[in-house]
Each structure stands twice: as C-alpha cells, then as structure tokens.
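Encoded as structure tokens, here's the structure I'll be asking about.
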Amino acid sequence: MIPFLDLRAAYLELKPGIDAAIARVLDSGWYVLGSEVEAFEAEWAAYCEAAHAVGVANGLDALTLALRALDIGAGDEVIVPSNTYIATWLAVSGVGATPVPVEPDPATHNIDPARIDAAITPRTRAILPVHLYGQPADLDPILGIARRHNLRVVEDAAQAHGARYKGKRIGAHGDIVCWSFYPGKNLGALGDAGALTTDDPVLAGRVALLRNYGSRQKYVNEEPGVNSRLDPIQAAVLRVKLAVLDKWTARRRAVAAAYEEGLADSGLILPHVPDWAEPVWHLYVVRSTARDALQARLTEARVGTLIHYPIPPHMQTAYAGLGIAPEALPLAQRLAGEVLSLPMGPHMTLDRVQDVCGKCLV
C-alpha cells in the first residue's frame, strides 16, 4: 500500500532526538509553558522572519485568539475564502462575527484578490486569507485593499510552514499569522498544537494574555481569557522537527516535481504555481471531472488519497443559518467535486510517485 502520509516514518527518522526531547521535559518537572515553550517560540519566530511567536493549543485557537486580540466580535464581518477548511470560518463565528466568503482564483485555489472589494461592507473589519495546500495567497493586493479600507489582515498559514511570498517567508506580512502543528502538517507535533507570529509586540502580548486565562500574574486576571497553552512536550518535539523542516521541504518539492513530470500527459489539471510563490507542498492537489472514478481506481490499487475538501463551508449544516445557496459560490462548489490530493510527504519515495502516476494514467 502507498499511504497518503506516513507519520510513523517521520517519527522513526527522528526517534532518538524526539525521545530525548520528551525525556528532557519529563525530567524537568515543568509541564505547563516554561522554558521549552519559550525556546520554541523564539526559534519559530526567527524561522518565520517575524519578531514574535506565541504558542497555543491548536490552529483553531490561533485563529480565534488572533481575531480576539484585534477586538473583532459581534456585529463585525470578516472576509474569508469560500474554498478552505471550515476552521477558517469557525474562528470567525467563534468570536461572534460573520464570515463573508470570497471565491478563489481557479488556477491557484487561493482567495482571488480581485473579488475582495465587492465583498466589503461598512461592517467589514478584517481579511483572512488562507495559504492553501502550502502555496502563498497573493498578499500584496490583499494588503493594499486592507490599507485602503482600514482593515486588518489575519493570515491562516496552517498549511504553509516555510513557504515564501516574493522571497520573504510567510510569518509577518499581515498583522498576525496563525499556525497549526497538527501531526499531518509540514511541521507537525505528536498531537494538537498551534502558534501565532507577528511583528507587533502589542498583538503578541495580547495573545499571550488571552491564552493564559487573561492573566500575566498568577491569580490576577485582566480580562476573560481561555486556557490555550502550547504543551512543553509538543514544543520540544517541534524543536526537533524544525531543525529538519527545510530538508523535508526539499523532499516534498522533489515529489511535486516528479508528479508534474509523470502526470504531464494525464489529462488531469495540475497545480499552478505563480512565479512569485515558493510553495512547500503540504498537499499535491489535482483536478478531474471524473474525480470519483479516479479516486476509486487508486483506492482499488491501494493508493491512499484524500479530498481537500469535499463539502465547502457554505454547504455545511453548520452554516445553514447564513442562507447561502450552494450555487451562490460556484467555484468552491466545483472544486469540491473535482479536487483530489495524491500521496505527499517527506517520506514519499520517487519510485512510489511513478507508481501513482502510472495508475492515474490507466
């Protein structure tokens, strides 16, 4: 079988370092926040070319706390992609605001900056682009729109660890950038974990306050916060994996290049990479009008695939209350019926890539 992603292989490659990192935390006797989390925050901020990083419990909390730190809440609207994982929308709903979807660029599947202006109303407070599949969204026009309308920009970078936009790492283009370290991410923990990066010390301090019960000093609570602290064991594991992230990204890029060559004559729509983007290939997503048949054939051949994502947020029961008809967002609806993610990861061999390509051509 060719797995979609081999997480066990990732652990086995780094087993001595990971085991030692976990043992270090256990031996320390310090199990909430502390020096291990602080060390990872410093290393992650430096890697992302940002001034500050704040570790939190997971990626959804990162998004929610970013919006709270910007005082976005009830009565406000936030521009979101129509084509994304539902967590992007859930964060907006979680602070009491309303997600306002904008359709993607059909070539990149990322939010189309040319469509954003038409979605802005007097209630709009922020734009929340997603760097989908590990490819940066087109940030310059988005930032330009935000400046013209006095809006904040919150980036969802849950799939874009190490990606670059016009030569600069994703990490501090907008006001604040939100990260997930879910085990399947390019930089993945051994459970849930997340972080935010920013160049703004005030925003970083507000997030650090909110993640810890609204408290800087024990038993002194400045505002209603939450418990969303990055676990030191996960921080220690992430430090080990961060040291090899660029090496693993290079492997992903080799896999993507092999797919591009092997599927050139397949009739599938392959990923498009603008010349200003340096993606990190969290996913390798192809499109086919016969997607379901292709997936069934690959499953029969014991090739793992996934669909990112089979139901757009506006068609989920969770958002039925918004009253958005399925056909109101036709691009998101169409992509949901055509996209297929092929096996991708730092432990996917080039021989296996050729095997998958051969099965796609049958």
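Out of the residues in segment 57-74 that are in contact with a Gly (Cβ under 8 Å, 6 or more places away or on another chain) and either surrounded by fewer than 19 Cβ atoms within 10 Å (Cβ to Cβ) or hydroxyl-bearing (Ser, Thr, Tyr) (or both), state the one that is farthest from residue 152 (Cα to Cα).
74
Of everything in segment 272-303, what is surrounded by fewer than 13 Cβ atoms within 10 Å (Cβ to Cβ) and either in contact with a Cys (Cβ under 9 Å, 6 or more places away or on another chain) or closer than 30 Å to residue 245 by Cα (or both)? Give them in sequence order.
272, 275, 299, 302
Right, another one. Which residue, of 225, 262, is under 30 Å from residue 51 (Cα atoms) and surrounded by fewer than 20 Cβ atoms within 10 Å (Cβ to Cβ)?
Residue meeting the stated conditions: 225.
Name the residue that is most open to solvent (accessible area, probe 1.4 Å), counting only residues in segment 304-331 that are of a type in the set (Val, Ile, Thr) and either in contact with a Cys (Cβ under 9 Å, 6 or more places away or on another chain) or closer than 23 Å to residue 116 by Cα (or both).
Step by step, filter segment 304-331, then rank; the result is 311.
Could I ask something else about it? Just to check your reading of the model, which residue among 62, 45, 66, 74 is within 17 Å of residue 180 (Cα to Cα) and either over 15 Å from the mean Cα position of the chain (by Cα) or not in a helix (DSSP H, G or I) (or both)?
One residue alone meets the criteria, 45.
For residues that are in a loop (DSSP other than H, G, I, E, B) and not charged (D, E, K, R), scanning just segment 1-25, find the one that is most open to solvent (accessible area, probe 1.4 Å).
Taking the candidates together, the pick is 1.
Now a separate question. Considering only segment 111-138, state which residues are buried (at least 24 other Cβ atoms within 10 Å of the Cβ) and either among the basic types (Lys, Arg) or under 26 Å from residue 96 (Cα atoms) (or both).
Result: 111, 127, 128, 129, 130, 131, 132, 137.
What number goes with the only condition from (1) in contact (Cβ under 8 Å) with a residue 40 or more places away in the chain; (2) in contact with a helix residue (DSSP H, G or I) (Cβ under 6 Å, 6 or more places away or on another chain); (3) under 22 Å from residue 69 (Cβ atoms) that residue 173 does not pass?
Here residue 173 meets the rest and fails (1).
Next question. Quick one: count up the residues across segment 18-54 that are acidic (Asp, Glu) and touching a residue at least 24 places away in the same chain (Cβ under 8 Å).
Counting residues in segment 18-54 that are acidic (Asp, Glu) and touching a residue at least 24 places away in the same chain (Cβ under 8 Å) gives 4.
Among the residues of segment 75-91, how many are touching a helix residue (DSSP H, G or I) at 6+ places or on another chain (Cβ under 6 Å) and open to solvent by less than 10 Å² (accessible area, probe 1.4 Å)?
Qualifying residue count for the region: 6.
Each row is one residue, and each column tells you yes or no for (1) surrounded by fewer than 24 Cβ atoms within 10 Å (Cβ to Cβ); (2) among the charged types (D, E, K, R).
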| residue | (1), (2) |
| --- | --- |
| 158 | no, no |
| 167 | yes, no |
| 180 | no, no |
| 185 | yes, yes |
| 193 | no, no |
| 197 | no, no |
| 200 | yes, yes |
| 203 | yes, no |
| 210 | no, no |
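Also: Scanning segment 26-56 for residues that are farther than 30 Å from residue 167 by Cβ and acidic (Asp, Glu), which turns out surrounded by the fewest Cβ atoms within 10 Å (Cβ to Cβ)?
If we take residues in segment 26-56 being farther than 30 Å from residue 167 by Cβ and acidic (Asp, Glu), then 27 is surrounded by the fewest Cβ atoms within 10 Å (Cβ to Cβ).
Got a sec? Which of 76, 61, 71 is acidic (Asp, Glu) and free of Cβ contacts under 8 Å to residues at least 40 places away in the same chain?
71
The values are calculated or read from the model by the stated rules, or taken from the named source; none is laboratory data. Quick caveat, the model's predicted, so the values are computed rather than measured. For neighbour counting, all protein chains shown are included, and Cβ atoms are generated from backbone atoms with ideal geometry for every residue, glycine included. Accessible surface areas use protein heavy atoms only, side chains included; no ligands, DNA or RNA. Shrake-Rupley method; radii C 1.70, N 1.55, O 1.52, S 1.80 Å.
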